[in-house]
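Below: one structure, written as C-alpha coordinates.
The values are calculated or read from the model by the stated rules, or taken from the named source; none is laboratory data. Just so you know, these numbers come straight off a predicted model, no measurement behind them. Positions of Cβ are generated from backbone atoms using ideal geometry, with glycine treated the same way; all protein chains shown enter the neighbour counts.
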Amino acid sequence: MHTFEEIQTLISANNLSVAESYLNTFTEKTAKWHYLYSLIALKKSWFDSALSHLETAISLAPNETLYAETKAALMSRHHPYSDDYYHRPRRRHNDCCCCLDDCCCQFDCCDLICLDTCCECMGGDLISCI
(Lines give C-alpha, C1' and ligand atoms only; values in the text may rest on other atoms or scores of the structure.)
Protein backbone atom coordinates (compact mmCIF):
# COMPACT_ATOMS: atom_id res chain seq x y z
CA MET A 1 0.00 0.00 0.00
CA HIS A 2 1.27 3.43 -0.92
CA THR A 3 1.26 6.44 1.40
CA PHE A 4 -0.24 9.86 0.81
CA GLU A 5 3.23 11.37 1.27
CA GLU A 6 4.59 9.17 -1.51
CA ILE A 7 1.71 10.22 -3.77
CA GLN A 8 2.24 13.90 -2.96
CA THR A 9 5.92 13.54 -3.91
CA LEU A 10 4.90 12.01 -7.24
CA ILE A 11 2.46 14.86 -7.86
CA SER A 12 5.16 17.43 -7.06
CA ALA A 13 7.45 15.68 -9.54
CA ASN A 14 4.67 15.82 -12.20
CA ASN A 15 4.49 12.04 -12.32
CA LEU A 16 0.72 12.30 -12.47
CA SER A 17 -0.20 8.97 -14.05
CA VAL A 18 1.66 6.98 -11.39
CA ALA A 19 0.31 9.22 -8.62
CA GLU A 20 -3.24 8.75 -9.90
CA SER A 21 -2.86 4.99 -10.20
CA TYR A 22 -1.51 4.79 -6.63
CA LEU A 23 -4.33 7.00 -5.39
CA ASN A 24 -6.91 4.79 -7.08
CA THR A 25 -5.74 1.79 -5.03
CA PHE A 26 -7.27 3.33 -1.88
CA THR A 27 -10.72 2.00 -1.04
CA GLU A 28 -11.55 4.71 1.51
CA LYS A 29 -11.78 8.16 -0.05
CA THR A 30 -10.81 10.49 2.80
CA ALA A 31 -10.42 14.26 2.77
CA LYS A 32 -6.69 13.83 2.07
CA TRP A 33 -7.51 11.51 -0.83
CA HIS A 34 -9.81 14.13 -2.40
CA TYR A 35 -7.22 16.86 -1.79
CA LEU A 36 -4.50 14.88 -3.57
CA TYR A 37 -6.84 14.04 -6.43
CA SER A 38 -7.62 17.76 -6.75
CA LEU A 39 -3.88 18.46 -7.08
CA ILE A 40 -3.66 15.95 -9.92
CA ALA A 41 -6.69 17.54 -11.60
CA LEU A 42 -5.18 21.02 -11.19
CA LYS A 43 -1.92 19.94 -12.82
CA LYS A 44 -3.95 18.47 -15.70
CA SER A 45 -5.91 21.75 -15.98
CA TRP A 46 -9.15 19.94 -15.10
CA PHE A 47 -10.41 22.85 -13.03
CA ASP A 48 -14.01 21.68 -12.52
CA SER A 49 -12.86 18.29 -11.26
CA ALA A 50 -10.25 19.93 -9.01
CA LEU A 51 -12.89 22.22 -7.52
CA SER A 52 -15.28 19.33 -6.93
CA HIS A 53 -12.62 17.27 -5.12
CA LEU A 54 -11.52 20.29 -3.07
CA GLU A 55 -15.09 20.97 -1.99
CA THR A 56 -15.47 17.32 -0.95
CA ALA A 57 -12.18 17.48 0.99
CA ILE A 58 -13.33 20.66 2.76
CA SER A 59 -16.69 19.11 3.67
CA LEU A 60 -14.95 16.02 5.10
CA ALA A 61 -12.32 18.04 7.01
CA PRO A 62 -13.62 21.60 7.51
CA ASN A 63 -10.82 22.50 9.95
CA GLU A 64 -8.04 21.72 7.47
CA THR A 65 -6.96 25.18 6.28
CA LEU A 66 -4.75 23.84 3.48
CA TYR A 67 -7.79 22.61 1.57
CA ALA A 68 -9.58 25.96 1.87
CA GLU A 69 -6.41 27.83 0.87
CA THR A 70 -5.99 25.64 -2.20
CA LYS A 71 -9.62 26.25 -3.17
CA ALA A 72 -9.16 30.01 -2.72
CA ALA A 73 -6.07 29.91 -4.93
CA LEU A 74 -8.00 27.99 -7.60
CA MET A 75 -10.89 30.42 -7.51
CA SER A 76 -8.59 33.44 -7.82
CA ARG A 77 -6.43 32.08 -10.63
CA HIS A 78 -5.78 34.55 -13.40
CA HIS A 79 -5.26 32.08 -16.24
CA PRO A 80 -8.18 31.92 -18.64
CA TYR A 81 -9.93 28.64 -19.34
CA SER A 82 -8.61 28.92 -22.91
CA ASP A 83 -5.15 27.91 -21.69
CA ASP A 84 -4.21 24.44 -22.83
CA TYR A 85 -2.67 21.58 -20.85
CA TYR A 86 0.80 23.13 -21.09
CA HIS A 87 -0.54 26.52 -19.92
CA ARG A 88 -0.03 28.24 -23.27
CA PRO A 89 -2.83 30.66 -24.18
CA ARG A 90 -4.57 29.66 -27.38
CA ARG A 91 -5.35 33.23 -28.32
CA ARG A 92 -4.66 36.82 -27.35
CA HIS A 93 -0.93 36.42 -27.71
CA ASN A 94 -0.31 40.18 -27.43
CA ASP A 95 -2.00 42.71 -25.21
CA CYS A 96 -4.76 43.29 -27.74
CA CYS A 97 -8.13 41.61 -27.31
CA CYS A 98 -8.61 40.83 -30.99
CA CYS A 99 -7.68 37.56 -32.64
CA LEU A 100 -5.68 39.58 -35.18
CA ASP A 101 -3.47 40.93 -32.37
CA ASP A 102 -3.25 44.32 -34.06
CA CYS A 103 -6.57 45.99 -33.39
CA CYS A 104 -8.41 47.22 -30.35
CA CYS A 105 -11.94 45.88 -30.31
CA GLN A 106 -14.19 44.93 -27.43
CA PHE A 107 -14.59 41.25 -28.42
CA ASP A 108 -12.30 38.86 -30.21
CA CYS A 109 -13.42 36.89 -33.26
CA CYS A 110 -13.93 33.63 -31.37
CA ASP A 111 -16.23 35.34 -28.86
CA LEU A 112 -18.28 36.88 -31.67
CA ILE A 113 -18.62 33.56 -33.50
CA CYS A 114 -19.77 31.92 -30.27
CA LEU A 115 -22.32 34.69 -29.68
CA ASP A 116 -23.55 34.35 -33.27
CA THR A 117 -24.02 30.60 -32.78
CA CYS A 118 -26.03 31.20 -29.60
CA CYS A 119 -28.21 33.75 -31.38
CA GLU A 120 -28.83 31.35 -34.27
CA CYS A 121 -29.94 28.65 -31.82
CA MET A 122 -32.58 31.08 -30.59
CA GLY A 123 -33.70 32.07 -34.10
CA GLY A 124 -31.63 35.25 -34.44
CA ASP A 125 -28.50 36.11 -36.38
CA LEU A 126 -25.81 38.35 -34.91
CA ILE A 127 -23.40 38.09 -37.86
CA SER A 128 -25.19 37.41 -41.14
CA CYS A 129 -22.05 36.57 -43.15
CA ILE A 130 -21.12 33.61 -40.93
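What to note about this one:
- Listed by first and then second residue, the pairs linking a residue in region 1-12 that is touching a residue at least 40 places away in the same chain (Cβ under 8 Å) to a residue that is surrounded by fewer than 15 Cβ atoms within 10 Å (Cβ to Cβ), with Cβ atoms under 6 Å apart and 6 or more places separating them unless they lie on different chains, form an empty list.
- Across region 7-20, the qualifying residues are those that are farther than 22 Å from R77 by Cα and small (G, A, S), and the one among them that is surrounded by the most Cβ atoms within 10 Å (Cβ to Cβ) is A19.
- Filter result (in contact with a Leu (Cβ under 6 Å, 6 or more places away or on another chain) and under 16 Å from H53 (Cα atoms)) within region 9-22: I11, A19
- Within region 21-34, not a single residue is closer than 18 Å to S76 by Cα and at pLDDT 95 or above.
- Matching residues in region 50-80 - criterion: being of a type in the set (S, T, N, Q) and either within 10 Å of Y35 (Cα to Cα) or surrounded by 15 or more Cβ atoms within 10 Å (Cβ to Cβ) (or both): S52, T56, T70
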